[in-house]
């Protein structure tokens, strides 16, 4: 099994592209650090008993006045930036994974339905998709977030903020899955194997789920990788605008927003490090996405 | 061709109406509009009178009709938070956003086309590698972080450019402009780069791939065979033919530039529509949110429509195809 993987074309193209290898390493390290944050992070930034206001706004260790207790410095409340970044990556990744998954499930199901059933359902769904596509996802997400913010009382909104953002991002991006899946389904449903399955009197639901679905999954994987990177950016943007994750449970975007107020007082590390973490994460995911696309679809090379 | 335009026009109107329905639902179902307008001490009779006057107990369909008429005549209601007509607020803020969007669009188009052309003509040179790396970075950088890095470099470290506001503006009566003063122009630089960077990478990639295709076509070989200078072949013959799809994409991007200006305006505290909108989202100021939504959708749809028309005008082949298909 391992030998087969090591011998495959995919692994060869992986091995020969150093940039992709580096990207994969960064992604794996980020994901591991995020998953094991409570053990990896040197401090717990949310445990108020360990945070000391006297340590506020310390610069990174290598700068004058810094100490190795806080390798990347501290924020205005004395929290360790490195730990905050690790915990923030955890929140950012969690939101992005869930948002992409929900968008994928909605998009693929509706795309399959529209392509397979056709008729009025198809027309209605695609009209909605058209309208939504003419607006940038971030605007749709902002609107959904704004409305829930108005409907719900403040405390409750804070509690469920993470779910609101996941819903907002996934409802804003499902179209990206639905469109290609619909197109592919329309191609697949005319093929002989679907006809054969029909003649065997297999129920349409079963044909759709067991046969057509598997044949449209390939492009979905590529869209999901690109969409994952975009979800991270979307979440960070919402949080930066102050309508995303609350300060009590900060994502990388929230951290950048917090640090932003102190950029001019010279405490650049509060903004730059969370921002760089975000950049590296998205950059490596995009590189991996490009690689997956090349492997799955050699024609595009 | 006429039938195509009419079809597009009907579609555009439908989109605007659909967005109007969403905006209407915001008013209808998010909070009680009467409660939002009157104070605590208003009596029930007065509330009922206001309800009658605003037509809030009429059938929903009639109310929606009234809403559309109001929106079309520029009556967007009164901001809950600022207590001023939304139409006034918007006309105050519009110039700032339009100038920013325009500057960033020009920046993205000029730099994007140039960088794309250069990297297509000599794909292995150092400069085109630098451009390609920049474009990958541009796709991966969250837009707000670009702004912060620019502020960090040019405002905090170098101190060359201002980091917030529009600088000094000249009031022309109906329009305030920052384009006529030095401080206004300086204040425009960083925000327009931030806003235009993503569009730049998009245009650059598009020009590059189009140019690759065009440079291998017969008429370019023929132009070279005629002994025309390389410069003339590239810029007069090849580039000109890549511009058709570029115009459409740039046009379509103008719409998302407006939406992304929300982010840029927040970073640079630019007093435009985006900043007005994000503050409205924070405070649940429905009239501003609804009006912004309507405005943006009308702008989007208009741009899409103009692009469709331009596309047909620029590329004569499309005109022929449509007229023959219509004739058949």
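At a temperature of 37 °C and a viscosity of 0.692 mPa s, determine how fast segment A:41-300 diffuses translationally according to Stokes-Einstein, using the Kirkwood radius over alpha-carbon pairs as Rh; express D in µm²/s, rounded to the nearest whole number. Spell out each step's value before the answer.
Working: Rh = 20.5 Å.
For these conditions, the coefficient is 160 µm²/s.
Taking the convex hull of the alpha carbon atoms in the protein assembly as shown, what volume per residue do you get, in Å³?
Spread over its residues, the Cα hull of the protein assembly as shown gives 236 Å³ apiece.
Can you tell me how segment A:150-301 classifies by the Cα gyration tensor, rounded, prolate or oblate, using a/c under 1.5 as the rounded cut?
Cα axes put segment A:150-301 in the oblate bin.
At a Förster radius of 25 Å, what calculated FRET efficiency corresponds to the Cβ-Cβ distance of residue B:88 and residue A:127, to the nearest 0.05? Intermediate results must be reported in sequence, preceding the final value.
On the way: r = 35 Å, r/R0 = 1.39.
Using R0 = 25 Å, I get an efficiency of 0.10.
Averaged over its residues, how many other protein chain Cβ atoms are within 10 Å of peptide B:254-263's Cβ atoms?
Mean number of neighbouring Cβ atoms from other chains: 4.
Which FRET efficiency, nearest 0.05, do residue B:134 and residue B:66 yield, Cβ-Cβ r, R0 45 Å?
The value I calculate is 0.30.
Need the C-alpha centroid separation for segment A:238-301 versus segment A:133-167, integer Å.
20 Å
Gain in length, residue B:47 to residue B:283, computed as 0.36 nm per residue apart minus the alpha-carbon separation, to one decimal in nm?
Roughly 82.6 nm would be gained on extension.
How many nm separate the modelled label positions at residue A:192 and residue B:309, each set 7 Å beyond the Cα in the direction of the Cβ?
Roughly 5.2 nm, to one decimal.
Could you state the angle between the C-alpha long axis of helix A:269-296 and the longest principal axis of the C-alpha atoms of chain A, as a value from 0 to 90 degrees rounded to the nearest 10?
20 degrees
Can you give me the angle between helix B:239-267 and the longest principal axis of chain B, using Cα atoms only, in degrees from 0 to 90, rounded to the nearest 10?
Approximately 40 degrees, to the nearest 10.
By count of other Cβ within 10 Å, fewest leading, how are A:163, A:269 ordered?
Ascending Cβ contact count within 10 Å gives the list A:163, A:269.
If one takes the longest principal axis of the Cα atoms in chain A, at what angle in degrees, from 0 to 90 and to the nearest 10, does the Cα axis of helix A:213-240 lie?
Roughly 30 degrees between the two axes.
Would you mind classifying segment A:84-147 by shape? Square roots of the alpha carbon gyration tensor eigenvalues, ordered a ≥ b ≥ c; an a/c under 1.5 is rounded, otherwise it is prolate if a/b is larger than b/c and oblate if not.
Verdict is oblate for segment A:84-147.
Once you average over the residues of A:150-159, how many Cβ atoms of partner chains fall within 10 Å of each Cβ?
Across the residues of A:150-159, the mean count of other-chain Cβ atoms within 10 Å is 1.
Can you tell me the Rg and the Dmax, both Å, for the Cα atoms in chain B?
Computed over the Cα atoms of chain B, radius of gyration and Dmax are 24.4, 87 Å.
Can you pull the one-decimal nm distance between simple spin-label points at residue A:44 and residue B:175, each 7 Å off the Cα toward Cβ?
Once both label points are built, they end up 6.0 nm from each other.
Take the Cα coordinates of segment A:238-293, assign each an equal point scatterer, and use the Debye formula without solvent to give log10 I(q)/I(0) at q = 0.13, 0.22, 0.23 Å⁻¹.
Listed by q, the Debye log ratios stand at -0.39, -0.80, -0.84.
For a protection proxy built on the mean count of beta-carbon atoms within 10 angstrom, sort B:87-99, B:283-295, B:153-165 highest first, please.
For the peptides B:87-99, B:283-295, B:153-165, the packing ranking is B:283-295, B:87-99, B:153-165.
Each reported figure results from applying straightforward, stated rules to the coordinates on display, with no laboratory input. All values reported here derive from a predicted model rather than from experimental measurement. Please note: Cβ atoms are built from the backbone with ideal geometry, for glycine as well, and neighbour counts cover all protein chains shown.
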